[in-house]
Amino acid sequence: MGEEEGVHQTQLLDTMFVRGLKRKCFDGEEDVEGTLAGIKAIPSYNLQRQSLLDMSLVKLQLCHMLVEPNLCRSVLIANTVRQIQEEMTQDGTWQMISTQSTGQTSLDRLVSTDILCRSSREQAEGKHVPGYGTLSKDFEGDEGQDSSETMSTASSVQAPRNLQGNVWEMENPQENKGNFQKSLDQIFETLENKSPNSVEDLFSEVDNSYYDLDTMLTGMMSNTKMGHCDGLETFSSPTNTASNSNCKSDLNELDHIVEILVES
Amino acid sequence: MSHKQAGGPAGESAADWCLYQLNGAAEFEVSEADIISTVEFNHTGELLATGDKGGRVVIFQREPESKNEPYNQGEYNVYSTFQSHEPEFDYLKSLEIEEKINKIKWLPQQNAAHSLLSTNDKTIKLWKITERDKRPEGYNLKDEEGKLKDLSTVTSLQVPVLKPMDLMVEVTPRRIFANGHTYHVNSISVNSDCETYMSADDLRINLWHLAITDRSFNIVDIKPANMEDLTEVITASEFHPHHCNLFVYSSSKGSLRLCDMRASALCDKHSKLYEEPEDPSNRSFFSEIISSVSDVKFSHSGRYMLTRDYLTVKVWDLNMETKPVETYQVHDYLRSKLCSLYENDCIFDKFECAWNGSDSVIMTGAYNNFFRMFDRNTKRDVTLEASRESSKPRAILKPRRVCVGGKRRKDDISVDSLDFTKKILHTAWHPTENIIAIAATNNLYIFQDKVNSEMH
């Protein structure tokens with residue numbers, strides 16, 4: 001059932017883009033109103049744009065557990081998200097948390113993929129299911145990060161459109177918008193280097209079901225050098241210096257172990 | 001090469017392509033590891049190399065033409081198969097490194113041996129392929145089986161002689177260029193100086209010397225200081241075929257940058273930037289994605305560049321930066337389906353493109369096992385299909401057509417019936433003859449132009 005709805009939505013989106021509903025550039029205030037009026041006249045545009053935004057965010061969150069995600073694809077999706085975000089900001093229709101329009105189906109989709117991506121530690125702590133707004137609370141980040149430049153909607157924030165079942169807790173919309181921008185950036189950082197927590201997880205409990213000792217040893221022999229370089233590069237932020245030194249000493253230990261195993 | 005006038009006499013077909021050979025298991029036997037991920041002819045066209053997802057390289061060699069049957073040109077038979085790359089594990093990132101062969105590039109042949117570079121996401125390897133068809137016999141100290149002889153039985157000395165033996169092809173890894181890339185390698189290109197080559201990943205391009213593995217020069221670096229600011233990546237790169245100081249790289253935003261290594265050690269500043277301004281009437285949320293260049297190839301002449309983005313192939317003149325000189329629509333009927341293609345990720349498929357030997361025809365793959373050819377002189381184009389059903393050996397391929405509503409002819413396929421899982425991403429054209437190699441999932445098709453075996 002959910003799939004049918006999803007397909008239907010995509011077909012609608014296809015039709016919409018064929019009809020040539022494109023964003024027009026506007027220079028002045030009068031154009032803004034004109035464009036807004038134009039958009040209101042086609043009620044499905046916002047809905048479909050929101051759907052595209054949701055789809056994009058799901059794609060960014062889908063973590064391929066074993067293989068590194070394609071950076072080009074991630075960059076292109078992130079740029080698409082930014083485009084939509086900018087347009088929605090200019091429209092003044094920027095609402096936090098796609099509580100509007102998408103309905104229950106994509107909500108479930110989003111939730112399930114998010115659970116996939118959370119580290120086992122967070123799951124153990126039993127964090128409640130986050131939405132967009134609370135997504136960034138999982139990340140440790142600089143709370144004071146300036147996100148206002150992208151979210152400057154001076155016009156009053158519209159009341160969220162009413163939909164069946166507002167699952168996510170909706171806090172201060174302004175703060176949530178900032179969190180969204182942050183979470184987008186954080187998603188990007190995780191593409192560059194996995195969340196700092198994952199490294200500790202790696203060394204604390206090795207999950208042997210994913211790879212056997214042979215693969216590990218083969219990988220170790222050829223990757224030790226690169227591992228060092230990578231480690232130094234990715235741990236650039238000050239919050240990670242502790243794990244950096246842990247990492248290096250752990251690597252040396254593993255090196256030592258491998259040497260022994262190989263010699264025998 | 002015989003020269004044919006553009007256009008030709010009325011009624012004459014430009015080319016008749018027919019299936020020459022088909023290698024690969026039937027479709028229901030496909031395993032993921034058998035999927036071909038790259039195809040490349042060597043500089044003479046005598047050898048054809050394919051790489052697959054399982055990290056293997058298969059080299060085909062063309063049998064010499066039989067003088068008795070001049071029209072039955074040499075077949076490509078398997079010459080050698082070897083495991084080039086193995087899967088690895090990156091411990092720091094807790095991620096697997098795929099063994100899939102991303103690219104193979106042949107080195108120009110300098111002696112009896114053949115050499116090629118093969119690369120996966122992280123490591124480039126130089127392989128040397130040699131033939132052994134003679135064996136020394138008549139050693140003084142060893143017997144036939146290699147065991148040491150009892151010295152008392154040796155009464156005279158003999159000179160070992162070389163006796164013929166069954167041909168043995170030996171492949172050895174001569175160099176391993178590791179640890180040069182943090183991101184995934186998407187291209188390699190051998191320089192015309194035959195001493196250096198470059199490897200490009202998403203954010204950096206390195207210059208290597210073929211004999212030195214512990215050092216490489218970084219010549220392009222587009223990584224921003226803050227990864228959050230990343231909006232553009234490198235998608236492909238290639239050295240100029242004649243000028244060893246020039247190379248081009250393409251980006252995910254649809255631009256090409258021509259760089260001159262004489263200008264500075266780090267070529268972050270391009271010498272020329274090739275970019276076509278966006279068509280405002282076609283603007284959509286997918287504009288940037290479909291403008292991302294998936295492949296760039298210099299023409300054999302070195303005068304032009306060929307680029308492939310999601311819906312078109314474009315020919316650029318090196319002297320003109322403002323726009324391409326030619327644009328060909330590969331499958332414009334997909335423009336109305338972009339959202340569906342975004343959802344199923346097909347919009348991120350990276351198609352390659354190829355020139356023929358005389359730079360008069362360009363080729364690229366599409367969906368439904370279709371591939372397209374564009375004749376630059378006659379401006380005619382054709383869609384052909386690489387599938388078992390539609391290719392009987394030696395039978396001429398029938399041109400295919402995709403209909404978009406409106407009039408529908410008998411054998412047309414409608415856009416909605418296209419199989420998007422059957423994509424032709426990798427194609428190669430013989431350097432001098434009208435022979436093409438098409439990779440369709442795990443199958444390698446070799447097609448030959450029956451009418452015009454030589455280039456014109």
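Read-outs: derived from the displayed coordinates by stated rules, not from any lab. It should be emphasised that the depicted structure is a prediction, and the values quoted were computed from it without experimental measurement. All Cβ positions, glycine included, derive from the backbone under ideal geometry; neighbour counts span all protein chains shown.
Among the GluC sites (Glu not before Pro) found in the range B:352-441, those both in a DSSP coil and sparsely packed, with 14 or fewer other Cβ atoms within 10 Å of their Cβ, are B:Glu389. When B:Arg308, B:Arg372 are arranged by Cβ crowding within 10 Å, least crowded first, meaning fewest neighbours, the order is B:Arg372, B:Arg308.
Among the trypsin sites (Lys or Arg not before Pro) in the range B:197-273, those located in a DSSP loop and surrounded by at most 14 other Cβ atoms within 10 Å of their own Cβ are B:Arg215, B:Arg262, B:Lys269. For B:Met168 and B:Glu195, a Förster radius of 35 Å and the Cβ-Cβ distance give a FRET efficiency of 0.75, rounded to the nearest 0.05.
Dipole check for the range A:42-92: with +1 at the C-beta of Lys and Arg, -1 at the C-beta of Asp and Glu, and the Cα centre as origin, the magnitude is about 120 Debye. D for the range B:248-381, whole µm²/s, Stokes-Einstein with Kirkwood Rh over alpha-carbon pairs at 37 °C and 0.692 mPa s: what number? Roughly 210 µm²/s, to the nearest whole number. Dividing the radius of gyration of the alpha carbons in the range A:42-92 by their Kirkwood radius gives 1.08 for Rg/Rh.
Let's test the formula: R0 of 41 Å, r as the Cβ-Cβ distance of B:Arg394 and B:Asn344. What FRET efficiency results, to the nearest 0.05? After rounding to 0.05, the efficiency reads 0.65. In a DSSP loop and with at most 13 other Cβ atoms within 10 Å, the trypsin sites (Lys or Arg not before Pro) in the range B:44-148 are B:Lys67, B:Lys147. Considering only B:Leu107, B:Pro136, B:Pro173, and ranking their Cα positions along the charge dipole of the range B:57-173 that arises from unit charges at the beta-carbon of Lys, Arg, Asp and Glu, the one farthest toward the positive end is B:Leu107. Taking chain B as a whole, the Cys residues whose C-beta sits 4.7 Å or farther from every other Cys C-beta are B:Cys18, B:Cys194, B:Cys244, B:Cys339, B:Cys346, B:Cys353, B:Cys403.
Counting only DSSP beta bridges with both residues in chain B, the antiparallel share comes to about 95 percent. Shielding by partners for peptide B:279-287, expressed as the average number of C-beta atoms from other protein chains within 10 Å of each residue's C-beta, is 5.
Shown in residue order for the range B:178-183 are the 3J(HN,Hα) couplings computed by the Karplus curve 6.51 cos²θ - 1.76 cosθ + 1.60 at θ = phi - 60°: 10, 6, x, 9, 7, 9 Hz (x for Gly and Pro). Here the scattering of chain B is modelled by Debye summation over its C-alpha atoms, one equal scatterer each and no solvent; at q = 0.13 Å⁻¹ the log10 of I(q)/I(0) is -1.28.
Among B:Phe420, B:Phe41, the order by Cβ neighbours within 10 angstrom, fewest to most, reads B:Phe420, B:Phe41. Figure the gain on full extension for B:Asp411 and B:Ala211 (residue separation times 0.36 nm, minus the Cα-Cα span) and round it to one decimal in nm. Full extension from B:Asp411 to B:Ala211 adds 66.6 nm. Averaging Cα coordinates gives a centre for the range B:256-273 and one for the range B:96-110; these two points are 25 Å apart. Ordered by the count of other Cβ atoms within 10 Å of each Cβ, fewest first, B:Cys194, B:Cys267, B:Cys403 give B:Cys194, B:Cys403, B:Cys267. Our summary gives chain B a relative contact order of 15 percent, counting only alpha carbon pairs under 8 angstrom and 6 or more residues apart. Computed from the C-beta positions of A:Arg82 and B:Glu326 and an R0 of 45 Å, the FRET efficiency is 0.90 to the nearest 0.05.
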